[in-house]
Structures are given as C-alpha cells and as structure tokens.
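S.K.: Could you have a look at this structure, given as structure tokens, before my questions?
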Amino acid sequence: MLKIEHLTKVYGEKKAVDDISLHIQKGEIYGFIGHNGAGKTTTLKACCGLLGFEKGEIYIDGVSVKENPLACKAKLAYIPDNPDLYAFMTGVQYLNFVGDVYKVEASVRQEKIHRHADLFELTESLAMPIGAYSHGMKQKLALISALMHEPKLMIMDEPFVGLDPKAAHTVKQIMRELCDQGSAIFFSTHVLEVAEKLCDKVAIIKDGKLIASGTMEEVTGDTSLEDVFLSMAEER
Amino acid sequence: MLKLLLKKQALETLAFFTTGGRYGSNGKKRSPLFIVAIALLLLYGVGATVALMGYLSWTLCEAFVQSGLTGVYFAMNATMACALALIGSMFSAKSKLFEAKDNDLLLSMPFPTWTILFSRMAGLYGMAFLFSSIAFIPACVVYFIQTGFALLPAIFCILNSFVLPLLALSISALIGWALAMIGNRVRSKNLVTTILLLAFFTGYTLLYSKMGEAIEFILTHGNEIGAAMQTWLFPFYLAGLACSGNAFALLGTIGVFGGVFALVYWLLSRAFLKTVTTRRGGAGKKYKEKKIKRSPAIFALVKKELFRMKNPMILFNTAIGSMLFIILIIFALFNAELVNMINASGVDKGEIAVIVAVVLSFIASSNMITASSVSLEGENLWILKSAPVKTEEIFAAKLLLQIALTCIPATIAIVVVCALLQIPPLLSLLVWLCVSVTACLCAVLGLIVNLKLPNLTWTSEIAAVKQSLSVVVSMFTSWGIAALLIAGHFTIGTLMGAPLYLTFAFALYASACGFMLVWLGTHGVKIFERL
C-alpha cells in the first residue's frame, strides 16, 4: 500500500531523512518510532505530498506521490500531531467541507458522521465553533473527518496525544478495524507500549536514518521495544 | 517583564519585513534589493497620501494664519488626525488586545496581566500613531513652510504628534473591549458586531462625504469654529494652542490625553483577565442532525473562504470596498439634490461615465481579500495541502470570493448611479466592464503578492489582514491601478473620447489580468506548493 524507496530530504545542509526505504502492506499497522527531531514527521509529510523531497520515490497503492500527488491524496488521510483545524467553522461545517473535498456521497457522509461522532462522544459539540474545542476534541474531529472517505492508507503523527483513555481505546479499535478491512496505517508515536501492542510492524529512525525495521518479533526478539529502542539510541 | 513583552511585540511586527514566516521563502532572509523595492513602494504610497493631506492643509493654513487663528488650524488638524487614527486602530483593537493566539501561553507565564495588555496597546498605539501622523505631520510641515521655522512650536508639534494618538487608542481600546464583552455574552456575536461596526462606519463615511462643504464652512466661519472647539472639543483646542507655542497648553494637552489613556488603561487592565478567559458566546449550542447535501469541491473551497468573512474584524479590514459600495448606493438614492445638480450641469455624459468608472474602480480596489488569504491559512495550511484538490482550484476559490464580493455590490452601484445620472446604456456597460476588470485585476494581484509575501506565523489574525507587508503592497498597487485610469483619461482619454477610452482601459486591464493568471497557474502554483 505504501512503498518508500531511498527517500532523502534535505533542509539546507542537513539531511533530515537519509535514504529510507519501507514497504507497508495492506492490512498492516506500521509504527514509526524515534527521538525528537529524528525525521519522523518529515517522512510522514513527504508521504502525504506535503513536503517535496530531493531523492527517492514514494508510491501509494502503486501511484507515485511525485508524479500524481492528487490521486495519492485521494487515497490517504493524514492526521498531524497538532491538528489545527479551521477555528471559524463549526465541527459539522468542517466535516462537510472535508466530505465535499473528498467527494463523499451525502448518505455515506451522514452515516459516517453519525457513527463516528457518537463513538467519540462528539455529536453534541458538532454545532460549536472549532475555536471553542479542546485539543482532544480537535483530535477526535480530525479522526472523524479522516475516516469519512474510507482511506486506503491512514498516516498519523502522534495520534494518541491529547486523547482521553476511552477515546484512545476507541482509536486503537478503529485502527484495527480499518486494517482488517484492507487499509493500512503508518503512524508515529513515542508511546512504546502502545506501539508494541498495536503494531504489526515497526521501524526505528535515528538522525534521519532507519536503524531497524520489520515485524515486532524481528525487531524486539526476546526483549521489550523500549529496551531495544533505548539500546539502539545509545549505540549509534 | 514589560521590556520582554515589548520586544516580542516589536519582533512580531517587524518579522514580516525580513522573513516570510516559518514556511514562507523557506525561512530565508529577504534580499537587500527586495527590501529596497518594497521600501520604495511604501515611500510612494505614504508619499502620495501625505502629499494629498498636505495639499488639503495648504488651503486651510493660509486662511487661518491670515485670520490670526493658528491655534484653530492646528486644532482642526489634530481632530482630523485623531479621527484617522481611530479608523486605523478601531477595527483591529478587539482582535489585537484580547484575541491573540498566545493568550494562554503568556497568561501561563509569570507576566503580570497589566504588562501583557500594555505591550499589546503599544502595538495598537503604533498603528494609531501611523494614521494620525499622515494627517498631522503634513499640517505641521505646511505651517512651517508658510510661516517660517520656529524651534519651540516645532518641538511642541513633535511632542503633540506623540500625544494625539493616545485618545484614538483609548477610544479604540474601549470599543474593542465592548465588542469582546458582547462576544462573550451574545450567541450571534459576529452578527451583532458586524451591525454595530457597519452602523459606525456608515455614519463616519457619510460625515466624511460632507468634507467639501465642511472645508468651505471652516474657511468662512473660522472664528465661530474656534469658539465652538473651545467649548465642545476643548482637548483639541488645547492641542492647537500648544502647537502654536503655548507651553501651558502643551502641559494641559499631555495631562488630558495622557489622563484619558491612563484611565482607560487602568480600567482595561482590571478587566483584561476576565475578558480573555471568559468562554466565547455560541459555545453551548447543541448539534441537531440535518440532511446533508453534497457540493462540488470548488463550492466547498469558496464556502470555506466565505465562512472566514463571518469574523467582522476580517470583513471590515479586507472587504471595506464592498461596504463602501453599499454606502454609495444609499448615498446616491437619498441625495437627489446632488444628482439633479450633476444632471443639470451640462457636463458631457461620456466625461461623467469616466469619472463614475474611476470612482467605482477606486472603491473596488479597496477590497483586499486575496491579499491576506494565503497568510490566513496559517497553521491550517496542511488541510488544503493534504487534500486532493488542485492548487489552481484553491486559487480559484480565493479569487472568486473577492470578485463576487466586489462585483455584486459594484454592479448594483453601477446600475443605480448610471440610471440616476442618465448615462446611456452602452457607456454604462463600458463602466461596468471597466470596474469589473479592475476588481478582477486587484484580486489576482493581491493573491500573487500574498504568495510572494506570506505571513503564516501570526499570533493574531489581524497581523495577517492589516499589518502584513502583503496587504500594504497590494493596497498601494491596487490604488495605483485605479489611479492609472484617471491619469490615462487626462492624457490619452480626452483625445480618444469616453467610449473608446473605456474600451481601451478594459482591454488593457483584461490583458494584464490574463498574463497574471498565467503566472499564477505556473509560478504561483509552485510557490504555494513550497509553502
């Protein structure tokens, strides 16, 4: 579903991402971990076509992000670490805006909004201006909007930050459901316990370079993901 | 503490001049050549405005000084300076003082609340000072040219130029606070604020439209005005006396203007915390499920741009031209005397059509919606950039909004004005074409300038819509486009005749618009994608 090949992104003289290659299959939840400034967000943004890159290629469902960014964007949903949404719109106005942009049928949209807003206990607040939302509410609204067009690939940057435990649990359930239906999820996190329990595969990035990737068993072996991450972070 | 906040405020105000914000121009410093070009453009804009104000003062000064009413001359200019400063700062006071995005951040730090308010008021004072100086400094310069230079009055004039904006600042801050309080208590706060501001603006504009008669009255009734000012506008009378070299009057001016500011500042600093932390009106509204309708992506994008205009601060700062069209329609419909006078004057209808086209083009060029539309995306830019829509569609939505909000009221104004002034249908059509193409050209120009000069890291929307370099550059250039129409009329227009001249102007502006649209579709798209 997502194929990253030799991706390199340079800021000035600094290589933020250095020759990264990753393949994510349908149905996989792929975790992306690394210290602050390691290059996680840059990689995720490059996958969404938000950032250009110097070398390499990214394919989403076989389509090149460089060659055909619009077709790729139509297949994916992106949720940034700090979802700044349009504060001047109400929740439902924003959802309709996203629905129109992604050409979601009115009946499908109605059903998805109803279902997911109820699930995240946000229905009553949908008439409120987003400017009055808390961080967690914005995060939930961003998730509802992302789920509306049934993306084949979901790219999430720190999706659990700001969510209450119940909402975090719901998100994990939805992530699994989405992948069971054939989509794929690529997400970054600092919560290693969550990554360990939720992910089918994991990749560790340090100073822009991929230092480990594979199934959870391949990366962790007999130890925990936290031990592996800390030892790798110290080693190299 | 206060020094730190003032430094932060100054950095925020000046940042747009050196960098394009976090995303803009990849954070690179602007080249010296670029800064020189912008400085020259600003110089032209400010120079043209100052020259206009200076011309106005020249006539007044001669008459007043000859009648021995120097103090009244300065008092009149001080009043005008304050009125300008009020218009310049009023629409941004609420947003700048109470709705900045860094409210929570600053309140969580060990800054006393009075320092936060003071630093923001300092920013607003800068704006008021700029506007009042446009009227007051040329008046002082004209005075010294006509009467000869004198040191003491010159020093007093300089001191007064710093003191005068304090009153406008105090009134603006109070209006901003009142609007913020309304916003905290009323559900339809945007509607209420818009109505209040529109009423105030209409009154102000209608008063301003009587300026010609007022100047005539002032010139013939200098003594009466002096007496009236002494009674009703005593602070300005004091300021006028101070400028003519009276030290006691200067102390009095500082005392009155400074005192009003101190009182307002004291009141607002007590109410500041409550004002910025009170939950906004409308927050409690519950959602009721309704049947959803699907629209094409371009409609959704236009609607999104339109939603932004619900904020009165954005509406009044970017779509002032649309308001002026509405006021013009009302003014034209209820001023039969003026209409009859023009119709009876015997002036050629072609000449009148050109003047109507120029005036309406000036009004159309006052709309600055696209000039801040990219900057306003700010931290929300990721939504558009990650959506499966073409950049050209995003541009089209931004352009469509400005063109619609300008051309719809402009068309009504043209129909009303041309009908009242009995302009023949063909000439009316040419007027409409000219005004519409000017509106389109200004919209495209604003978008291009904003793409080249974006400010995506603002802490208050007002920084993007009012204090950004993009808006200033677009404003002066747009006015230049409108001014070119009148300059062209006096050079080639009189030789060509009105119908041919208007057709030529339309063709010229339409071609320029076409070229700029091609640029937007190629270079503009690349710039947006790099933001």
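S.K.: Do we find that A:V17 is open to solvent by less than 30 Å² (accessible area, probe 1.4 Å) and more than 14 Å from chain B (Cβ to nearest Cβ) in this structure?
M.R.: Working: open to solvent by less than 30 Å² (accessible area, probe 1.4 Å): yes; more than 14 Å from chain B (Cβ to nearest Cβ): yes.
Yes: the conditions hold for A:V17.
S.K.: Would you be able to say whether some residue in the range B:148-161 is over 19 Å from B:N246 (Cβ atoms), touching a residue at least 12 places away in the same chain (Cβ under 8 Å) and either among the hydroxyl-bearing types (S, T, Y) or surrounded by fewer than 20 Cβ atoms within 10 Å (Cβ to Cβ) (or both)? Reasoning before the result, please.
M.R.: Step one: filter the range B:148-161 for residues over 19 Å from B:N246 (Cβ atoms), giving none.
The answer is no, given that none of the residues of the range B:148-161 is over 19 Å from B:N246 (Cβ atoms), touching a residue at least 12 places away in the same chain (Cβ under 8 Å) and either among the hydroxyl-bearing types (S, T, Y) or surrounded by fewer than 20 Cβ atoms within 10 Å (Cβ to Cβ) (or both).
S.K.: Would you say B:S322 is buried (at least 17 other Cβ atoms within 10 Å of the Cβ), over 26 Å from the mean Cα position of the chain (by Cα) and of a type in the set (G, A, S)?
M.R.: No; evaluated as a whole, the condition is false for this residue.
Yes/no per residue for (1) buried (at least 22 other Cβ atoms within 10 Å of the Cβ); (2) within 22 Å of B:I327 (Cα to Cα):
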| site | (1), (2) |
| --- | --- |
| B:M368 | yes, yes |
| B:A371 | yes, no |
| B:S375 | yes, no |
| B:I383 | yes, no |
| B:K398 | yes, no |
| B:A404 | no, yes |
| B:I408 | no, yes |
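S.K.: Give the residue that is nearest to A:K9 (Cα to Cα), with candidates limited to residues of the range A:60-94 that are in contact with a strand residue (DSSP E or B) (Cβ under 9 Å, 6 or more places away or on another chain) and of a type in the set (V, I, T).
M.R.: Filtering the range A:60-94 for residues that are in contact with a strand residue (DSSP E or B) (Cβ under 9 Å, 6 or more places away or on another chain) and of a type in the set (V, I, T), the one nearest to A:K9 (Cα to Cα) comes out as A:V65.
S.K.: State which residue is farthest from the other protein chains (Cβ to nearest Cβ) when the search covers only the range A:76-95 and only residues that are under 13 Å from the mean Cα position of the chain (by Cα) and of a type outside the set (A, V, I, L, M). If you could, list the steps in order and put the result at the bottom.
M.R.: Here is the first cut: in the range A:76-95, the ones under 13 Å from the mean Cα position of the chain (by Cα) are A:76-83.
Going one step further and asking which of them are of a type outside the set (A, V, I, L, M), we end up with A:78, A:80-83.
On the way: A:Y78: 5, A:P80: 6, A:D81: 10, A:N82: 8, A:P83: 9 Å.
Applying the filter and picking the extreme gives A:D81.
S.K.: Continuing with this model, one more query. Right, B:W432: within 14 Å of chain A (Cβ to nearest Cβ) and over 21 Å from the mean Cα position of the chain (by Cα) or not? Before you say what the answer is, go through the steps one by one.
M.R.: Working: within 14 Å of chain A (Cβ to nearest Cβ): no; over 21 Å from the mean Cα position of the chain (by Cα): yes.
Spelling it out, it is not the case that B:W432 is within 14 Å of chain A (Cβ to nearest Cβ) and over 21 Å from the mean Cα position of the chain (by Cα).
S.K.: Can you confirm whether A:A77 is touching a Pro at 6+ places or on another chain (Cβ under 8 Å) and part of a strand (DSSP E or B)? Write out each step before concluding.
M.R.: Working: touching a Pro at 6+ places or on another chain (Cβ under 8 Å): yes; part of a strand (DSSP E or B): yes.
It is true that A:A77 is touching a Pro at 6+ places or on another chain (Cβ under 8 Å) and part of a strand (DSSP E or B).
S.K.: In this structure, does A:V202 turn out to be under 30 Å from A:V108 (Cβ atoms), of a type in the set (V, I, T) and surrounded by 17 or more Cβ atoms within 10 Å (Cβ to Cβ)? Walk me through it before giving the result.
M.R.: Working: under 30 Å from A:V108 (Cβ atoms): no; of a type in the set (V, I, T): yes; surrounded by 17 or more Cβ atoms within 10 Å (Cβ to Cβ): yes.
When the stated conditions are applied, A:V202 does not pass them.
S.K.: Please find, among B:V449, B:V465, the residue that is within 18 Å of the chain's Cα centre (by Cα) and open to solvent by 10 Å² or more (accessible area, probe 1.4 Å).
M.R.: B:V449
S.K.: Here is a check on your reading of the model: is B:A85 of a type in the set (A, V, I, L, M, F, W, C), in a helix (DSSP H, G or I), open to solvent by less than 50 Å² (accessible area, probe 1.4 Å) and modelled with pLDDT under 80? Give the steps one after another, and end with the answer.
M.R.: Values: of a type in the set (A, V, I, L, M, F, W, C): yes; in a helix (DSSP H, G or I): yes; open to solvent by less than 50 Å² (accessible area, probe 1.4 Å): yes; modelled with pLDDT under 80: no.
Spelling it out, it is not the case that B:A85 is of a type in the set (A, V, I, L, M, F, W, C), in a helix (DSSP H, G or I), open to solvent by less than 50 Å² (accessible area, probe 1.4 Å) and modelled with pLDDT under 80.
S.K.: I need the full set of residues from the range A:126-137 which are more than 9 Å from chain B (Cβ to nearest Cβ) and surrounded by fewer than 19 Cβ atoms within 10 Å (Cβ to Cβ), in order please.
M.R.: Going residue by residue through the range A:126-137, those that are more than 9 Å from chain B (Cβ to nearest Cβ) are A:130, A:133-137.
Scanning the range A:126-137 gives A:S134, A:H135, A:G136.
S.K.: Whether any residue in the range A:162-178 is β-branched (V, I, T), open to solvent by less than 20 Å² (accessible area, probe 1.4 Å) and in contact (Cβ under 8 Å) with a residue 60 or more places away in the chain is what I want to check. Reasoning before the result, please.
M.R.: The first filter runs over the range A:162-178 and keeps only residues β-branched (V, I, T), leaving A:170-171, A:174.
Filter once more, so that each one left must be open to solvent by less than 20 Å² (accessible area, probe 1.4 Å): A:170-171, A:174.
When the remaining residues are screened for being in contact (Cβ under 8 Å) with a residue 60 or more places away in the chain, the result is none.
So far as the range A:162-178 goes, no, none of its residues is β-branched (V, I, T), open to solvent by less than 20 Å² (accessible area, probe 1.4 Å) and in contact (Cβ under 8 Å) with a residue 60 or more places away in the chain.
S.K.: Related question: Does any residue in the range A:101-125 that is more than 10 Å from chain B (Cβ to nearest Cβ) come within less than 7 Å, Cβ to Cβ, of a residue that is part of a loop (DSSP other than H, G, I, E, B) and open to solvent by less than 20 Å² (accessible area, probe 1.4 Å) six or more places away or on a different chain, and which pairs are these?
M.R.: Pairs found: none.
S.K.: Output the residue which, of all residues in the range A:64-74 that are over 17 Å from B:W382 (Cβ atoms) and open to solvent by less than 50 Å² (accessible area, probe 1.4 Å), is farthest from the other protein chains (Cβ to nearest Cβ).
M.R.: Going through the qualifying residues, I end up with A:S64.
S.K.: Within the range B:305-325, is there a residue that is of a type in the set (K, R) and either at positive phi or within 14 Å of chain A (Cβ to nearest Cβ) (or both)?
M.R.: So the first thing to find is which residues in the range B:305-325 are of a type in the set (K, R), and the list is B:308, B:310.
Restricting the remaining residues to those that are either at positive phi or within 14 Å of chain A (Cβ to nearest Cβ) (or both) gives B:308, B:310.
Yes; the residues of the range B:305-325 include at least one that is of a type in the set (K, R) and either at positive phi or within 14 Å of chain A (Cβ to nearest Cβ) (or both).
S.K.: How about the range A:110-125: which of its residues are open to solvent by 10 Å² or more (accessible area, probe 1.4 Å) and farther than 21 Å from A:P165 by Cα?
M.R.: Of everything in the range A:110-125, those that are open to solvent by 10 Å² or more (accessible area, probe 1.4 Å) and farther than 21 Å from A:P165 by Cα turn out to be A:Q110, A:E111, A:K112, A:H114.
S.K.: Could you tell me whether the range A:138-145 includes any residue that is more than 8 Å from chain B (Cβ to nearest Cβ), more than 19 Å from the chain's Cα centre (by Cα) and either open to solvent by less than 40 Å² (accessible area, probe 1.4 Å) or not small (G, A, S) (or both)?
M.R.: In the first step, residues of the range A:138-145 are kept if they are more than 8 Å from chain B (Cβ to nearest Cβ); the result is A:138-145.
This time we only want the ones that are more than 19 Å from the chain's Cα centre (by Cα), so: none.
No.
S.K.: Looking at (1) away from chain A (no Cβ under 14 Å); (2) touching a residue at least 12 places away in the same chain (Cβ under 8 Å); (3) assigned to a helix (DSSP H, G or I), which is the one condition that is false for B:G255?
M.R.: Of (1) away from chain A (no Cβ under 14 Å); (2) touching a residue at least 12 places away in the same chain (Cβ under 8 Å); (3) assigned to a helix (DSSP H, G or I), only one is false for B:G255: (2).
S.K.: So which residues in the range B:333-355 are modelled with pLDDT of 85 or more and either open to solvent by less than 40 Å² (accessible area, probe 1.4 Å) or within 25 Å of B:M475 (Cα to Cα) (or both)? I'd like the intermediate steps shown before the answer.
M.R.: Taking the range B:333-355 and keeping what is modelled with pLDDT of 85 or more, we get B:333, B:348-355.
Within the range B:333-355, B:G350, B:I352, B:A353, B:V354, B:I355 qualify.
S.K.: Just give me the residues in the range A:28-63 being at pLDDT below 90, touching a helix residue (DSSP H, G or I) at 6+ places or on another chain (Cβ under 9 Å), open to solvent by 10 Å² or more (accessible area, probe 1.4 Å) and more than 14 Å from chain B (Cβ to nearest Cβ), in sequence order.
M.R.: A:H35
S.K.: Within the range A:147-156, which residues are within 14 Å of the chain's Cα centre (by Cα) and at the interface with another protein chain (Cβ under 10 Å from one of its Cβ atoms)?
M.R.: Passing the criteria: only A:I155.
S.K.: With respect to A:H169, is the statement that it is over 27 Å from A:S21 (Cα atoms) and either away from chain B (no Cβ under 14 Å) or basic (K, R) (or both) true? Show your work before the answer.
M.R.: Numbers: over 27 Å from A:S21 (Cα atoms): yes; either away from chain B (no Cβ under 14 Å) or basic (K, R) (or both): yes.
In short, yes.
S.K.: Of B:L42, B:L52, which residue is at negative phi, touching a residue at least 24 places away in the same chain (Cβ under 8 Å) and surrounded by fewer than 16 Cβ atoms within 10 Å (Cβ to Cβ)? Please lay out each step first, then the result.
M.R.: Details: B:L52 fails: touching a residue at least 24 places away in the same chain (Cβ under 8 Å).
Being at negative phi, touching a residue at least 24 places away in the same chain (Cβ under 8 Å) and surrounded by fewer than 16 Cβ atoms within 10 Å (Cβ to Cβ) holds for just one of B:L42, B:L52, which is B:L42.
S.K.: Quick check on B:A100: is it under 25 Å from B:M181 (Cβ atoms) and either at pLDDT below 85 or among the hydroxyl-bearing types (S, T, Y) (or both)? Give the derivation first.
M.R.: On the way: under 25 Å from B:M181 (Cβ atoms): yes; either at pLDDT below 85 or among the hydroxyl-bearing types (S, T, Y) (or both): yes.
When the stated conditions are applied, B:A100 passes them.
S.K.: Quick one: A:L44 ticks every box in (1) within 24 Å of B:L301 (Cα to Cα); (2) within 14 Å of the chain's Cα centre (by Cα) bar one, so which box is it?
M.R.: Going through (1) within 24 Å of B:L301 (Cα to Cα); (2) within 14 Å of the chain's Cα centre (by Cα) one by one, A:L44 breaks only (1).
S.K.: If I ask for residues that are open to solvent by 10 Å² or more (accessible area, probe 1.4 Å) and assigned to a loop (DSSP other than H, G, I, E, B), which ones from the range A:86-103 would you list?
M.R.: Passing the criteria: A:A87, A:F88, A:Y102, A:K103.
S.K.: Out of B:L469, B:L453, B:L531, report the one residue that is within 14 Å of another protein chain (Cβ to nearest Cβ) and touching a residue at least 40 places away in the same chain (Cβ under 8 Å). Full working, then the answer.
M.R.: Numbers: B:L469 fails: within 14 Å of another protein chain (Cβ to nearest Cβ); B:L453 fails: within 14 Å of another protein chain (Cβ to nearest Cβ).
Only one candidate passes the filter, namely B:L531.
The values are calculated or read from the model by the stated rules, or taken from the named source; none is laboratory data. None of the values given here were measured: they were computed from a predicted structure. Quick reminder, even Gly has a Cβ in these numbers, built from the backbone with ideal geometry, and neighbours come from all protein chains shown. Accessible surface is based on the protein model in full, side chains and every heavy atom, while ligands, DNA and RNA are left aside. Shrake-Rupley method; radii C 1.70, N 1.55, O 1.52, S 1.80 Å.
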